[in-house]
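Worksheet: one structure, shown below.
The values are calculated or read from the model by the stated rules, or taken from the named source; none is laboratory data. Owing to the predicted nature of the structure, the values given are computational and were not obtained by experimental measurement. Cβ: placed from backbone, ideal geometry, glycine included. Neighbour counts: every protein chain shown. Just so you know, the surface numbers come from the protein's heavy atoms only, side chains and all, with ligands and any DNA or RNA stripped out. Shrake-Rupley method; radii C 1.70, N 1.55, O 1.52, S 1.80 Å.
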Amino acid sequence: MPSQICHVLGGWRSRNDASPDPAFALGCQGPDVFAHGRRTKPFALSYARLLHRRGYGDFCVSCARLLRDTQDPVLLSWFSGFLTHQALDKALHPYIVCRTPSWSGTNQDNQVLRGVSPALYHAFFERILDVLLYELYEQHPVVHFNARKVFYADPAAIDCIVALISRCLRETYPDQSATDADLDERIQNAFADTYYFYALTDPSRTNAPSHELPRSIAAYASRGASGVALLFPVALDTSIDYLNLTSSPWPDPVSGLSRRESVPELFEKGMSNARIALELFASVLDGTSSCESLGDLISNDCLSIARPDGSIAVASHRRPFPLESALLQEVRTRQEWLQSCGSVDRTDGELI
């Protein structure tokens, strides 16, 4: 899945509005919120998997029906962001999957990379794209992105969002939710853990070497490559065309057919489809379109690489970047920063 900054950028530009709106920014993360952190039990990970694999359109229909009647501004903001998530996932996933390895790091000379899972290389590449897209579209380094301000929503707003999600998940996935007495608590925990994760990896605090580096950097760096993969990169090799700006061919991971789109082209396609969804939702709210038409537009296809019938597919074709060496350089850079800035412990005992 594209990472958090990419989704916020896409959401802002889809509605031509980058004004502070934490509910919208959280909505842009879609079901990724249920997969972040996993510090607090009970988890909501199973619902992240469900929404990514099937039923996204049905879930949106359920939300739209409720919001058409209530039109609560916080919930409208969150759901508008949620509508944009699927469009960017579908547009960018083929390239992301194609460009990441399907094996774990086993470099014999660099023990720090042994055992790094394919999922972490996937996450690392998503953060590479976050950094580069932010620089391209915002004309600033990613250190200017303050995750704590972008994503912090009032607890009362989170409570309203949790109630909406819980009700719509029960309607969309009755078999899975029927015996889940902890559903509300799972979703509440997911939002708390997500904010904790975004704050710990906030590039406005983690992407500049200084004596103010938070304790989280030491924690991530101490885990070697597996930890550093979750931070936003600071030492990218500019000779590597991660965004495919030269339009070099790359194979579709499912069909193997040659494609040449750049990441900005895929990103623009995702934003275009997100705008269409937002426009249709506006017509649902004013009564000129049905909730079902919104579900038909979004579909229940999986949000990753898909078979022709919309079900999740296996990647048979890849052309990965040298992410192992890139990740090793990130580890070295982070360790050098820590050695140069001394203690990173906060005297006030706070992380966020």
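Here are some notes:
- Members of the stretch 267-298 found to be within 22 Å of the chain's Cα centre (by Cα), among the polar types (S, T, N, Q) and surrounded by 15 or more Cβ atoms within 10 Å (Cβ to Cβ), listed by number: Asn273
- Sole residue being open to solvent by less than 50 Å² (accessible area, probe 1.4 Å) and within 19 Å of Tyr134 (Cα to Cα), chosen from Ile165, Ile217, Ile187, Ile240: Ile240
- Against the test of being touching a helix residue (DSSP H, G or I) at 6+ places or on another chain (Cβ under 6 Å), in a helix (DSSP H, G or I) and open to solvent by less than 20 Å² (accessible area, probe 1.4 Å), the options Val74, Val8 yield a single qualifying residue, Val8.
- Counting the residues of the stretch 280-325 that are in contact with a strand residue (DSSP E or B) (Cβ under 9 Å, 6 or more places away or on another chain), of a type outside the set (Gly, Ala, Ser) and more than 20 Å from Val61 (Cβ to Cβ) gives 5.
Let's see how each residue does on (1) outside any loop (DSSP other than H, G, I, E, B); (2) open to solvent by less than 30 Å² (accessible area, probe 1.4 Å); (3) over 19 Å from Val331 (Cβ atoms); (4) not polar (S, T, N, Q):
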{"residue": "Gln176", "(1), (2), (3), (4)": "yes, no, yes, no"}
{"residue": "Phe191", "(1), (2), (3), (4)": "yes, yes, yes, yes"}
{"residue": "Pro209", "(1), (2), (3), (4)": "no, no, no, yes"}
{"residue": "Ala221", "(1), (2), (3), (4)": "yes, yes, no, yes"}
{"residue": "Gly227", "(1), (2), (3), (4)": "yes, yes, no, yes"}
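Okay, residues lined up against (1) in contact (Cβ under 8 Å) with a residue 60 or more places away in the chain; (2) touching a Gly at 6+ places or on another chain (Cβ under 6 Å); (3) not acidic (Asp, Glu):
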residue: Asp17; (1), (2), (3): no, no, no
residue: Ala23; (1), (2), (3): yes, no, yes
residue: Cys28; (1), (2), (3): no, yes, yes
residue: Pro73; (1), (2), (3): no, no, yes
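- When the residues of the stretch 37-50 are filtered to those that are of a type outside the set (Ser, Thr, Tyr), on the phi < 0 side of the Ramachandran plot and surrounded by fewer than 23 Cβ atoms within 10 Å (Cβ to Cβ), the one that is nearest to the chain's Cα centre (by Cα) is Ala48.
- Scan of the stretch 294-323 for residues that are in a helix (DSSP H, G or I) and either aromatic (Phe, Trp, Tyr) or over 20 Å from Leu243 (Cβ atoms) (or both), ordered by number: Leu294, Gly295, Asp296, Leu297, Ile298
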